[in-house]
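A quick write-up on the structure given underneath.
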Amino acid sequence: MVLEVAIMVLISILLAGCSSYSTMTNVYILGLSYTNSSLAGLSPIGQNISTTFNSLKGASSLEVRTGFFGMCVRQKGVVWLCSADTNGLREQIGAENDPLDLIGTAAHFKNDVLFSGLLFMVVVITFAAFLMLSTFPGWHEARDERTGSDVDVKPFPSRPVSQAALACCFVAATLLLVSSLWQHVGAVGAAAMADAAFFGNVKTAIGSTAMLLSWIGFAVAAVSTIALLVMIISIIILDKLTDE
């Protein structure tokens, strides 16, 4: 049960990334910011495009981070502005401070690449598994018929409920694996495309905290699944031994 609670907490934090400027700005999938670096080995045409972008960029120092539902932006390392409304952020920042439209680029990534549906399914399925596990009997005292003394006993849980909980944990782990791969590959691909498309005028960053939350959630779900499987197999073996 503790593992299921941990999974739901991890996924909830991941989904809440970039929803608040005070606590969630470090939980982001992709970050974009203006920089003065240039790509090596550019062709003459590429150098001309890079120079054009650099002149358009000017002295802008905007930084943009995006999560599943929100985006955070700031200028010159000052206070973060976070919102789910892309147009609202554009109006607050001003077009002159975002000449290459990093806010729009991050919004396209959030809307067209990221998908939170699998994570919501994980939360629902994990909660169902939590409810099933809460029905498992606990320790209680019973009188030993042979000795007449009180002993602590723990009955075996219902096999159908155990198998249903195992199925839920397995599905949750599978969905978390798919979602983690989707998030990771999507962020890496988008970062590579942004680096190439802006010819070194934009610096990209992949949110390590969000990646860790996703992969740790999968690891916890996998451990929970394996633990339930071992428990069910152990109960089956004990039943066979007692029958013999």
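Quick note: the coordinates plus some simple rules give every number you see, no bench work behind them. All values reported here derive from a predicted model rather than from experimental measurement. Backbone-built Cβ (ideal geometry, glycine too); neighbour counts: all protein chains shown.
Values for this structure:
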item: Most fluctuating residue given options Ser134, Ser19, Ser83, as computed from a GNM of the chain linking Cα atoms under 10 Å; result: Ser134
item: Extension reserve of the Ser61-Ala219 stretch, reckoned as 0.36 nm per residue once the Cα distance is removed; result: 53.1 nm
item: Principal axis dimensions, the chain - Cα atoms, whole angstrom, descending; result: 91, 35, 23
item: Number of Lys pairs (Cα under 26 Å; 8 or more positions apart or on different chains) in the chain; result: 7
item: Surrounding net charge for Glu91, when Lys and Arg each add one and Asp and Glu each subtract one, Cβ distance under 14 Å; result: -3
item: Label-point separation, Leu81 to Thr52 (7 Å along Cα→Cβ), nm; result: 2.9 nm
item: Segment Ala196-Val161, length gained on full extension (0.36 nm per residue, minus Cα span); result: 7.4 nm
item: Mean residue ellipticity (222 nm) of the chain, computed from DSSP H runs ≥ 4 via -39,500 (n - 2.57), nearest 500; result: -19500 deg cm²/dmol
item: Added length on full extension, which subtracts the Cα-Cα distance from 0.36 nm per residue, Val230 to Gln92; result: 44.2 nm
